[in-house]
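Taken together, the values in this text are just the output of simple stated rules run on the coordinates, not laboratory data. Model, not experiment: these values are computed from the prediction. Because the Cβ atoms are built from the backbone with ideal geometry, glycine has one as well, and the counts that use them run over all protein chains shown.
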Amino acid sequence: MALKAKSPKQQLLIGLLTCSATLFQAAMMPGQSMPLGDWHQHLFSPAAAKLAPGLHPVAARDLVNLLDAAGIRYALVLSVAYQLANPNKPALANEYEHVKAENDWTSEQVSEFPERLRAFCGVNPLKEYAIEEIHRCAGDRQLHFGLKLHFGNSDVDLDDPQQVEQIRRVFRSANEERMAIVVHLHPSVTKKRPYGKREARIFLERVLPAAPDVPVQIAHLAGSGGYDDRTVDRALSVFVKAIKRGDGRMAHVYFDASGVCGYGDWKERAAQIAMRIRQLGVKRVLYGSDADPKMPPREAWAEFRKLPLSEAEFHEIARNIPPYMNKSRGNGGSLVSRDSARSRWP
Ligand SMILES: [Zn+2]
């Protein structure tokens, strides 16, 4: 209802009221808040940076500066140790030593900012040392929180039953150690591996049941950057349907939206991406920016905000705290207190 002024005094009063209401609205505008955390980040040691042309080392201090610039408090740092065992790149002598060194470097870096950063161990799950490395990381003060697997960089082929068995062993080991799992599910783009409903179903039916007790975060909304409706959307549709029918295997599964907005032809697919986020449920969707130097956390959030979601939906995604942030063990401590963290995850 519009207010109608009869006298100049009333006009002034109404003006003031309207102005303060606008200010109040702006202060309360939920979508304007920055996310609490960037739940998909990486650091790059000098050794890891050398592997990719144009990539520069990124230390914990650098990441914290980017988070500060964005007004973001926390980040989940996913060790890129698996990149030192990438079959699409020339093999390194003493590969496992390099993998351990990268995980240890990441652990050391993150330990400089225990109030801000949390680290996950990285390993190529197909390597003979994969299980050994998971157990070794489980004993590390920083890395015991979880495990990052990159099916693309590790060339995991879910259409190969033997590989599925090995991935199940890896998931079981992480589950035993109560390590959460972040998985880049999309297979190798370089090798042009098939991807879609079939692979997502294998993951849902064969792989997920091997880690029933830990949170599993599927990276990039099940894609590998941008949003390709021919493959990524088909894969994602399998998870959407499983959630809709109340499939218990999805109860502990989350999705990070890193690397989606701002890449490829995502804008044409913005409505579809927003629809999928709603179908997954905003409480399962986590913000992430994925360490792209061209799109730091602040800019990545601005891109993400271009999706046709409501302010309330952006607000909810911004406030989501994944459950692995609450895991504590001995002196490892908990970044987010039980009081401040919401425990309403499905
Ligand atoms: Zn990543």
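Here the 3J(HN,Hα) profile of the stretch 192-203, calculated from phi with Karplus coefficients 6.51, -1.76 and 1.60 at θ = phi - 60°, is 6, 5, x, 8, x, 4, 4, 5, 5, 5, 4, 5 Hz, Gly and Pro shown as x. What the phi angles of the stretch 304-313 give under the Karplus curve with 6.51, -1.76 and 1.60, with θ = phi - 60°, is a coupling list of 4, 5, 7, 5, x, 10, 7, 4, 5, 5 Hz, glycine and proline written as x.
Magnitude of the charge dipole for the chain, about its Cα centre and with charges confined to Cβ atoms of Lys, Arg (+1) and Asp, Glu (-1), is about 1440 debye.
Counting alpha carbon pairs within less than 8 Å and at least 6 residues apart, what relative contact order, in whole percent, applies to the chain?
Contact order relative to length: 17 percent.
Subtracting the Cα-Cα distance of SER33 and GLU176 from 0.36 nm times their residue separation leaves 47.8 nm of extension gain. Applying the criteria of a DSSP loop state and at most 13 other Cβ atoms within 10 Å to the GluC sites (Glu not before Pro) of the stretch 96-198 yields GLU112, GLU115, GLU128.
A Cβ-based charge dipole, computed about the Cα centre of the stretch 205-262 with Lys and Arg at +1 and Asp and Glu at -1, lands at about 220 debye. Eigen-decomposition of the gyration tensor built on the alpha-carbon atoms of the stretch 41-329 gives equivalent ellipsoid semi-axes of 26, 23, 19 angstrom, largest listed first.
If we count every other residue with Cβ under 12 angstrom of PRO161's Cβ, Lys/Arg +1 and Asp/Glu -1, where does the sum land? Value of the local net charge: -2.
Out of the DSSP beta bridges found with both residues in the chain, what percent are antiparallel (nearest 5)? Working shown, then result.
On the way: 2 of 24 bridges.
Bridges in the chain that DSSP calls antiparallel: roughly 10 percent.
Each residue of the stretch 284-300 is assigned a 3J(HN,Hα), and the resulting list reads 9, 9, 10, 6, x, 10, 6, 6, 7, x, 7, 9, x, x, 5, 5, 5 Hz, derived from the Karplus form 6.51 cos²θ - 1.76 cosθ + 1.60 (θ = phi - 60°), x at Gly and Pro.
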